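To start, the structure itself, in structure tokens.
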Amino acid sequence: MVDIDKYAGFCFGVTKAIGSAENELAKHGSAYCLGKIVHNQKEENRLEKLGLHTIDRNEMLANPPSRMMVRAHGEPPSTYAEAKRLGITVVDETCPVVLKLQELIAQKYINESDCKVVIFGKKGHAEVNGLVGQTEGNAIVVSSVEEAEKLNIDGKIALFSQTTADYLLYLQVAEVLKRKNAKVEVHETVCGSVKNRIPRLKEFCEKYEVVIFVSDEASSNGRMLYDVCRSANPKSYFVTEVADLHDEWFVGCDNVGISGANSTPSWLLEDVRKQCCEIIKSRNNGD
Ligand code: SF4
């Protein structure tokens, strides 16, 4: 038995952005996206073949396209201002969940000048840059419990997290800050698409002898969800593609679960499932 986790694969925000890219490509023959549309190189390659060009900020400034997609992670206000100045039509695919978080942070920053905005997330991550941009660059980003321990702020703090942050780690960071400062307001901003997967993934991993987790190394939620797999089932293996599968993982095992990140395309999960079936079949045939 080789099953795919029904909760694995594109979340709502990524599905929407990829659908929009496919529409743009069908309509215009090519499209430009600021930054990688999804943290999965295999899916990037598929869309590149259809005519999607990924550009960075410098390329946008040096050679502005007439239309440009903003991916689900969102962008800081400065990007929209630059695009307007350069006459670029923005196809904004910022995920509605990220958009709501951006607005929440912007409101906090504008309306409560005595409150310091702290964001738990990965420094330099596109979504985090977009969130920091809502505070004119004044928010503090913490990426670990250790960094939270070193933070000394006397006044009010509004704590937010990147939507794809590790939820359990976020709770720890919140506890550290609350211990040091009674005036911490904690906002539950880890996305349900990530947070709700943790208990479901644990349950899924416990049902199988071997778990194959499919993700790109660059996916934040992929790394975090793979840790969940390993804690629930020590026979969990991380792969980015079919070629990473090893026959010896399946010795004496007929019961395999396949899961993946919120940025793993369903076609890749299916390719991995088929190859696992092949490995088990040829072993059973004594090949
Ligand atoms: S993880 Fe949540 S916030 Fe992030 S793109 Fe997906 S649905 Fe949107």
Collect the residues in region 254-283 that are more than 12 Å from residue 42 (Cβ to Cβ), within 18 Å of the chain's Cα centre (by Cα) and of a type outside the set (Gly, Ala, Ser), keeping them in residue-number order.
262
Which residue pairs have Cβ atoms under 7 Å apart, sit 6 or more places apart or on different chains, and have a first residue in region 157-177 that is within 14 Å of the ligand (Cβ to nearest atom) and a second that is among the acidic types (Asp, Glu)?
162/127; 163/127
For region 250-270: of the residues being part of a helix (DSSP H, G or I) and surrounded by fewer than 16 Cβ atoms within 10 Å (Cβ to Cβ), which is farthest from the ligand (Cβ to nearest atom)?
270
What about residue 82, is it acidic (Asp, Glu) and within 16 Å of the ligand (Cβ to nearest atom)?
no
State the number of residues belonging to region 91-121 that are of a type outside the set (Val, Ile, Thr) and touching a residue at least 60 places away in the same chain (Cβ under 8 Å).
6
I'd like to check something: does region 121-135 contain any residue that is of a type in the set (A, V, I, L, M) and at pLDDT below 95?
yes
Against the conditions (1) farther than 25 Å from residue 260 by Cα; (2) out of contact with any strand residue (DSSP E or B) (no Cβ under 7 Å at 6 or more places or on another chain); (3) not hydrophobic (A, V, I, L, M, F, W, C), where does residue 144 fall short? Just the number, please.
(1)
Would a scan of region 183-192 turn up a residue that is closer than 30 Å to residue 245 by Cβ and out of contact with any Pro (no Cβ under 9 Å at 6 or more places or on another chain)?
yes
Every residue in region 32-88 that is surrounded by 14 or more Cβ atoms within 10 Å (Cβ to Cβ), touching a Ser or Thr at 6+ places or on another chain (Cβ under 9 Å) and hydroxyl-bearing (Ser, Thr, Tyr), please.
32
Of all residues in region 85-121 being within 13 Å of the ligand (Cβ to nearest atom) and not in a helix (DSSP H, G or I), the one that is farthest from the chain's Cα centre (by Cα):
93
Residue pairs qualifying under the 6 Å Cβ cut-off, at least six apart or on distinct chains, with the first in region 190-203 being basic (Lys, Arg) and the second being within 13 Å of the ligand (Cβ to nearest atom), are 195/167; 197/7; 200/7
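Which of the residues that make up region 122-159 are part of a loop (DSSP other than H, G, I, E, B) and touching a His at 6+ places or on another chain (Cβ under 9 Å)?
If the condition is that a residue be part of a loop (DSSP other than H, G, I, E, B) and touching a His at 6+ places or on another chain (Cβ under 9 Å), then 125 is the only one that fits.
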Within region 206-233, work out how many residues are touching a Ser or Thr at 6+ places or on another chain (Cβ under 7 Å), over 20 Å from residue 192 (Cβ atoms) and assigned to a helix (DSSP H, G or I).
1
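The values are calculated or read from the model by the stated rules, or taken from the named source; none is laboratory data. Note that the structure is predicted; figures quoted are calculated from it, not measured. Don't worry about glycine lacking a Cβ; one is built from the backbone with ideal geometry, like all the others, and counts go over all protein chains shown.
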